[in-house]
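Read the structure below first, then the notes.
The values are calculated or read from the model by the stated rules, or taken from the named source; none is laboratory data. Only a predicted model underlies this, so the values are computations on that prediction, with no experimental measurement involved. No Cβ is skipped: glycine too gets one built from the backbone with ideal geometry, and neighbour counts run over all protein chains shown.
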Amino acid sequence: MTPVPSPRFRISRHRRLAWVGSLLACGLSLLGLALCWLNPSIGAPLRPGLDFTGGTQVQVERDCAPCKPITALEIRQALGRVDLPSPAGESVPNLGSASVQVLDGGRSLVLRLPALEAEQSKVLVDALAAQFGPLRASGTSVNTIGPTLGSRLLQGSLISLLVSFAGIAVYISFSYSGVFAFLALLCLAHDVLITCGLFAWLGLLQGIEVDSLFAVSLITVAGYSVTDTVVVYDRIREQRRTLGELSLVDQVDVAVDATLTRSLYTSFTTLLPLVALIFFGGSTLFWFAVALTVGIAVGSWSSIGVAPTLLPVLSKR
């Protein structure tokens, strides 16, 4: 006779706490997405970046240590005094509506502007150098994306997200039946929603924008979420065959306890390089790494505290 294992950690005893935490996080995420959509300056669930809207992004680095304090308002006032050359038959872009970010204590400046010609970008950088310089040549970058390309990137990102989520849903539906498949998809939506909700609040409070890398991070988070949940589910199915005399709640506790160490170690080793990217990866990969870090952490939580604890409740119904 197979001895009945006694789990060291019983997740079912803390299930209400897990549910309340997840419901609170999902509620705040939905609120952030709604506020972003209702904000006239955003008009979308997330603040779209240059990849999706088109335009010109100018990033300059001041050559100073320490740098004289500077505010976004001072930069906008200086932009209003810049006299851009006008191409034949075209109007001059309005620089007064520029989005301005001051980073590293005033050392780095990031400007989001309407699409500029190469000559106009050069005049703008020269004006910034005269007003707030000197500037480091190696720290100056100008990126321009046309509105047509931006809309295509947005469309492609949305299609890739939908196709990947649909593929995961089909796989889960064929691999598992009934409540197992439903809860796996519910946790996938839970993880993606909380990740998006965090960036919705960052867009509202800090002006953080999402780009094509954010779409890549969501696809990665979805894949990780399903993988982690499937590991726990496979263990639960094994317990149902070998420990059929136990209640489903006890089977879930045994399965979670058996996979807990593996899940924590896997998540920890996955998060280590992401944390390194956050601190040492530079500004280009910073928010990409943040999105992956949050998504993987939430995915680990949902595969341990949400999906297994809901299984006995929904199975009874």
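Among the residues of this structure, residue 89 does not count as one that is surrounded by 11 or more Cβ atoms within 10 Å (Cβ to Cβ), modelled with pLDDT under 80 and at positive phi.
So, residue 283, is that one surrounded by fewer than 18 Cβ atoms within 10 Å (Cβ to Cβ), touching a residue at least 12 places away in the same chain (Cβ under 8 Å) and in contact with a strand residue (DSSP E or B) (Cβ under 9 Å, 6 or more places away or on another chain) or not?
Here the answer is yes, as residue 283 does meet what is asked.
Does residue 255 meet the test of being part of a helix (DSSP H, G or I), in contact (Cβ under 8 Å) with a residue 12 or more places away in the chain and touching a Leu at 6+ places or on another chain (Cβ under 6 Å)? For residue 255, the condition - part of a helix (DSSP H, G or I), in contact (Cβ under 8 Å) with a residue 12 or more places away in the chain and touching a Leu at 6+ places or on another chain (Cβ under 6 Å) - is not met.
Given the conditions (1) within 16 Å of residue 166 (Cβ to Cβ); (2) in contact (Cβ under 8 Å) with a residue 24 or more places away in the chain; (3) of a type in the set (Gly, Ala, Ser), report the number of the one that residue 197 does not fulfil. Only one criterion in (1) within 16 Å of residue 166 (Cβ to Cβ); (2) in contact (Cβ under 8 Å) with a residue 24 or more places away in the chain; (3) of a type in the set (Gly, Ala, Ser) is unmet by residue 197, namely (1).
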